[in-house]
Amino acid sequence: MNFKVPNSVIIKGTGKYVPEKMMTNDDLAKIVDTSDEWIYTRSGIKQRHIAAPDEASSDMGVNAARNAIEAAGISSEDIDLVIVTTVTPDMMFPSTACLLQAKLGIRNNIPCFDLNAACTGFVYGIEVATRMMKSGLYRHALVVSAEKMTSIVDWEDRTTCVLFGDGAGAVVLAASDEENAGILGSVLGADGSDTAMLKLPAGGSLMPATAETVKNKLHFLQMDGKEVFKHAVKIMQEKALEVLDLCKVNPEQISMLIPHQANARIIESVAKRLKITSDKVYINIAKYGNTSSATIPMALDELVRENKIKCGDYILLVAFGAGLTWGATLIKWQ
Ligand code: COA
């Protein structure tokens, strides 16, 4: 096994995938008592994509991963670590990462595992991959965030079903000899003291599936939107400042803030508190809704493919999610 400690870990390729079927707010208004006006003004969402019944998170992840591998100019043979972040794994086990490994024909004998930090999953995922790569043992890591959120929302609950969508984003991380490039630093955290704010209660070891749990709709996501909103604004601002401080970079030096896309109003509040102007904040929630951990890599891929990121740019990622979990990462684009 080659063993060479890299000077940095860079993002070598990005990819995204969204399912073909799209549902507008007007389509939703035919199912639940809501309106395009309410959804758009409260959340910034106009439409979301819905995976086909037989399309699982691993299938969406495979498509995003193929795009990222191609963009990186490597082959799946070169991948030596796979992390999939998801709250909607194909099944309890084996992990979605193992299923994706097989579907992509990635070689055996490398670590493949799922990571669940809810909507913060991608930020956790790239930090874990970066730390593993800095050991010198891995040269190319595939981090895939794939979420079929529409499989866990209650389509009769208008307070949640209007907010989520399906999709996947992926990056290929590469070990590099460049100094001061790529993933410069991350701060991660969690507070498990108030899990009721956002959870999916049944289907695990605490409450295995029974006719009763199904009848009581306990296999659907439950959320106290107002509480989540308050925490999100505060935590995202704090963690963004913390990672900037860690890396000795000022908010004015940021070229692009890519926040988790849960609500446009949350993002605007965070940007305002950080004094980052709207031209430097990426918001694409109107097109996809909240795709949980996939929002950030999907947004990153769009920016890269639209040539909106150039070498030397400081890119700030910040996310929060169920747990609660949170994380922020600073990248110097290479
Ligand atoms: N359509 C129409 N009306 C709706 C509705 C919908 N889809 N959903 C809720 N309402 C109603 C409520 O019943 C309430 O009516 P009432 O005043 O008669 O009781 C009213 O609209 C206001 O609801 P409220 O919950 O106060 O709205 P809000 O401004 O807080 O916005 C969220 C709700 C969910 C959009 C917002 O709280 C939010 O985005 N929170 C964060 C969620 C999040 O980010 N989750 C993911 C974390 S990763």
What pairs from K46/K226; K217/K239; K12/K234; K12/K239 go past 30 Å between their alpha carbons? K217/K239; K12/K234
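Could you work out the relative contact order of the chain? I mean the mean sequence separation of Cα pairs under 8 Å and 6+ apart, divided by the number of residues, in percent.
Once divided by the residue count of the chain, the mean separation gives 26 percent.
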10 Å Cβ shell holding at most 16 others, DSSP loop, GluC sites (Glu not before Pro): longest site-free stretch of the chain: 21-155
Mean Cα-pair separation over length for region 8-180, i.e. relative contact order, pairs under 8 Å, 6 or more apart, %: 35
How high is the relative contact order of region 181-282? Use alpha-carbon pairs under 8 Å, at least six apart in sequence, and give a whole percent. 25
Gain in length, K134 to D194, computed as 0.36 nm per residue apart minus the alpha-carbon separation, to one decimal in nm? 18.2 nm
Of the accessible area of the chain, with the probe set at 1.4 angstrom, what percent is carbon plus sulfur? 53
Please list the radius of gyration and Dmax for region 292-334, considering alpha-carbon atoms only, with Å as the unit. 11.8, 35
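Summing Lys, Arg as +1 and Asp, Glu as -1, what charge do residues with Cβ under 12 Å from the Cβ of S57 carry, S57 excluded? Before the final figure, lay out each step's value.
Details: positive: K103, K148; negative: E55, D59, D90, D114, E147, D166.
Its environment carries a net charge of -4.
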Please work out the FRET efficiency for the pair E306 and K215, using the Cβ-Cβ distance as r and a Förster radius of 41 Å; give the result to the nearest 0.05. 0.30
Segment K46-S76, length gained on full extension (0.36 nm per residue, minus Cα span): 7.2 nm
Quotient of Cα radius of gyration and Kirkwood radius for the chain, i.e. Rg/Rh, equals 0.95
Projected area averaged over all directions for the convex hull of the alpha carbon atoms of region 183-332, nm², comes out at 10.0
Over the chain, with a Gaussian network built from C-alpha contacts below 10 Å, which listed residue (P53, P94, P19) shows the highest mean-square fluctuation? P53
Pull up all non-local amide H partners of R139: gap of 5 or more, or a different chain, and H-to-H distance under 5 Å with H placed in the peptide plane. D80
Across region 17-24, in residue order, what do the Karplus-derived ³J(HN,Hα) couplings come to in whole Hz, using 6.51 cos²θ - 1.76 cosθ + 1.60 with θ = phi - 60° and x for Gly and Pro? 8, 10, x, 5, 6, 10, 10, 8
Under 10 Å, Cα contacts only: if you run a Gaussian network model on the chain, which one of G13, G204, G136 comes out with the highest mean-square fluctuation? G204
Per the rule of 0.36 nm per residue minus the C-alpha distance, extending D54 to D313 adds in nm 89.3 nm
Where the chain is the region considered: accessible area per residue in Å², 1.4 Å probe: 43
Spin-label pair L246/D224, simplified geometry with 7 Å Cα→Cβ offset, distance in nm: 2.8
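The values are calculated or read from the model by the stated rules, or taken from the named source; none is laboratory data. These figures come from a predicted structure and were not determined experimentally. Note that we place each Cβ from the backbone using ideal geometry, even for glycine, and neighbour counts take in every protein chain shown. Only protein heavy atoms, including side chains, enter the accessible area calculation; ligands, DNA and RNA are left aside. Shrake-Rupley method; radii C 1.70, N 1.55, O 1.52, S 1.80 Å.
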